[in-house]
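Trainee: This is the structure I have questions about; it appears just below.
The values are calculated or read from the model by the stated rules, or taken from the named source; none is laboratory data. Keep in mind that this is a model prediction, so the values were computed, not measured. Methodologically, a virtual Cβ is constructed for each residue, glycine included, from the backbone with ideal geometry; neighbour enumeration extends over all protein chains shown.
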Amino acid sequence: MSEYRTTAREFLAAMATEKRITLLMEIRAYPEVWGAIAMRVMRWRFRRRAQRRAFMNATVVCAGCGWTFPPSYLHRLMGMVGPGTMLIGAVPGGEEFARTKRCTRCESEQCLLVYERLGPRDITEQDVDILEEFWRAEARAWWAGREKDTAICDVCNVRVPRDEGGVVGAGRMLNCESCMSRTMDEALYRLREDPYYYGPTELSKARAFKETLTESDASEAMSGRFGDSGEDALLIVDGLADTMNGPSGEDGEPAGIVGRFRRLFGRGA
Ligand SMILES: [Zn+2]
Ligand SMILES: [Zn+2]
C-alpha cells in the first residue's frame with residue numbers, strides 16, 4: 001500500500017478544494033489505490049461527510065472507451081467476490097475483467113476513478129426534467145424487450161399499460177403514470193437533500209443520456225458528462241507518466257491517453 005501513499009495523499013488534498021477529481025490508473029492498480037484512499041477517508045468518520053460520501057459513490061470508467069464499469073466488476077476485481085461465484089443479475093464479463101485486468105469491451109488496461117462532489121446548488125430543475133426523460137426512455141427500452149402488454153407498478157401495484165411509466169433509479173422501480181408524477185414532484189427536493197438519492201450514478205447517467213441526444217459526437221457527450229470548466233483536478237498514478245506523453249496526432253492533438261483526456265475535459269494542448 002505504501003506504493004500509493006503519495007497518490008492517496010494528493011487525492012485527499014484535492015478533495016479539500018476540488019468538486020471533481022479524476023484519477024487515471026491501470027486497472028490492476030485499482031484495488032490498492034482505492035484501498036489506500038478509502039482507508040484514509042474512513043478515518044474521517046463523522047467529519048467531511050459530503051466528501052466521504054462522494055468518494056464512496058465515485059464511479060470507475062474505462063479510459064479507452066468511456067464505459068462505466070458495473071459495481072460487480074469492481075467487486076470481483078477487489079476480490080470481494082471469489083472466482084466461480086455467480087452473481088444474480090450482474091452484467092456478464094466480471095470474472096474475465098478481474099482475471100485479465102482489461103476492459104471487456106475495448107481491452108484497455110487503464111481506468112479513471114471519477115469523483116464528483118455534488119452539492120445542493122449543483123442540482124437544477126433541468127436535472128429533474130432530464131431524469132424524467134431518461135427514466136421514461138429506460139421504461140420504453142424495458143417494454144421493448146417484453147411480450148406482455150401490461151405490467152405491475154412497483155410502487156402502488158396497479159396495472160401499467162405498455163410503453164407507459166418510467167423505470168426509476170438504481171433500484172429500477174417501474175412507476176405507473178400517477179406514481180411517476182409523484183416521483184417527479186418530489187425529485188428536486190430529494191436530490192437537493194441528497195444528490196445520490198436515486199443511486200450513485202443515476203444523475204450523471206441521465207445527464208450523459210441527454211448529451212448523447214443533443215450531441216451526435218460521443219466524445220462531446222463525454223466532455224459534457226465530466227465537466228468542461230477546466231476545473232477538474234487530474235491526478236496521475238506514479239508510473240504512468242510515459243504513457244501520458246504519446247506522439248502528436250495529425251490534427252495537432254496529442255495521441256493516446258493525453259489526447260483523450262484533453263477531449264474529455266476540454267483542456268487546451
Ligand atoms: Zn473500454
Ligand atoms: Zn403506481
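Trainee: Would the range 116-139 turn up any residue that is modelled with pLDDT of 85 or more, touching a Cys at 6+ places or on another chain (Cβ under 7 Å) and charged (D, E, K, R)?
Mentor: Checked against the condition, which is being modelled with pLDDT of 85 or more, touching a Cys at 6+ places or on another chain (Cβ under 7 Å) and charged (D, E, K, R), the range 116-139 yields no hits at all.
Trainee: Is at least one residue of the range 95-115 more than 29 Å from residue 61 (Cα to Cα) and either modelled with pLDDT of 95 or more or out of contact with any Cys (no Cβ under 6 Å at 6 or more places or on another chain) (or both)?
Mentor: No, every residue in the range 95-115 fails to be more than 29 Å from residue 61 (Cα to Cα) and either modelled with pLDDT of 95 or more or out of contact with any Cys (no Cβ under 6 Å at 6 or more places or on another chain) (or both).
Trainee: Something else: When residues of the range 60-97 are filtered for being surrounded by 16 or more Cβ atoms within 10 Å (Cβ to Cβ) and either of a type in the set (Ser, Thr, Tyr) or within 16 Å of ligand 2 (Cβ to nearest atom) (or both), how many remain?
Mentor: 3
Trainee: Check the range 26-40 and report whether any residue there is in contact with a Leu (Cβ under 9 Å, 6 or more places away or on another chain) and either modelled with pLDDT under 90 or assigned by TED's automatic domain parsing to the domain that holds residue 170 (or both).
Mentor: No - not one qualifying residue is present in the range 26-40.
Trainee: So, one more: Tell me which residues, restricted to the range 121-150, are of a type in the set (Gly, Ala, Ser) and either over 27 Å from residue 207 (Cβ atoms) or in contact with a helix residue (DSSP H, G or I) (Cβ under 8 Å, 6 or more places away or on another chain) (or both).
Mentor: 137
Trainee: If you don't mind, another one. What's the total number of residues in the range 19-40 that are out of contact with any strand residue (DSSP E or B) (no Cβ under 8 Å at 6 or more places or on another chain) and either closer than 24 Å to residue 205 by Cβ or crowded, with 20+ Cβ neighbours inside 10 Å (or both)?
Mentor: Taking the range 19-40 first, the residues out of contact with any strand residue (DSSP E or B) (no Cβ under 8 Å at 6 or more places or on another chain) are 28-29, 31-32, 35-40.
Remaining after also requiring either closer than 24 Å to residue 205 by Cβ or crowded, with 20+ Cβ neighbours inside 10 Å (or both): 29, 36-38.
So the answer is 4.
Trainee: Is one or more of the residues making up the range 128-138 over 30 Å from residue 17 (Cα atoms) and either more than 25 Å from the chain's Cα centre (by Cα) or within 16 Å of ligand 1 (Cβ to nearest atom) (or both)? Let's see the steps before the verdict.
Mentor: The first filter runs over the range 128-138 and keeps only residues over 30 Å from residue 17 (Cα atoms), leaving 132-138.
Within this subset, residues satisfying the condition of being either more than 25 Å from the chain's Cα centre (by Cα) or within 16 Å of ligand 1 (Cβ to nearest atom) (or both) are none.
No, the range 128-138 contains no residue that is over 30 Å from residue 17 (Cα atoms) and either more than 25 Å from the chain's Cα centre (by Cα) or within 16 Å of ligand 1 (Cβ to nearest atom) (or both).
Trainee: Continuing with this model, one more query. Taking only the range 28-45 into account, find how many residues are in contact (Cβ under 8 Å) with a residue 12 or more places away in the chain and in contact with a helix residue (DSSP H, G or I) (Cβ under 7 Å, 6 or more places away or on another chain).
Mentor: At the first step, the residues of the range 28-45 found to be in contact (Cβ under 8 Å) with a residue 12 or more places away in the chain are 28-41.
After this cut, where a residue has to be in contact with a helix residue (DSSP H, G or I) (Cβ under 7 Å, 6 or more places away or on another chain) as well, the list is 30-33, 36-37, 40-41.
Number of matching residues: 8.
Trainee: What do you reckon, is residue 114 of a type in the set (A, V, I, L, M), farther than 21 Å from residue 196 by Cα and outside any loop (DSSP other than H, G, I, E, B)?
Mentor: Details: of a type in the set (A, V, I, L, M): yes; farther than 21 Å from residue 196 by Cα: no; outside any loop (DSSP other than H, G, I, E, B): yes.
No, not satisfied.
Trainee: Let me confirm something: among 120, 83, which residue is under 26 Å from residue 208 (Cβ atoms) and out of contact with any His (no Cβ under 9 Å at 6 or more places or on another chain)?
Mentor: One residue alone meets the criteria, 120.
Trainee: Kindly indicate whether residue 191 is modelled with pLDDT of 90 or more, crowded, with 18+ Cβ neighbours inside 10 Å and assigned to a helix (DSSP H, G or I).
Mentor: yes
Trainee: Evaluate the following for residue 107: is it away from ligand 2 (no atom under 16 Å from the Cβ) and assigned to a helix (DSSP H, G or I)? First the steps, then the outcome.
Mentor: On the way: away from ligand 2 (no atom under 16 Å from the Cβ): yes; assigned to a helix (DSSP H, G or I): no.
So residue 107 fails the test.
Trainee: Look through the range 133-172, keep the residues that are within 15 Å of ligand 2 (Cβ to nearest atom) and in a helix (DSSP H, G or I), and return whichever of them is farthest from residue 211 (Cα to Cα).
Mentor: Here the residue is 139.
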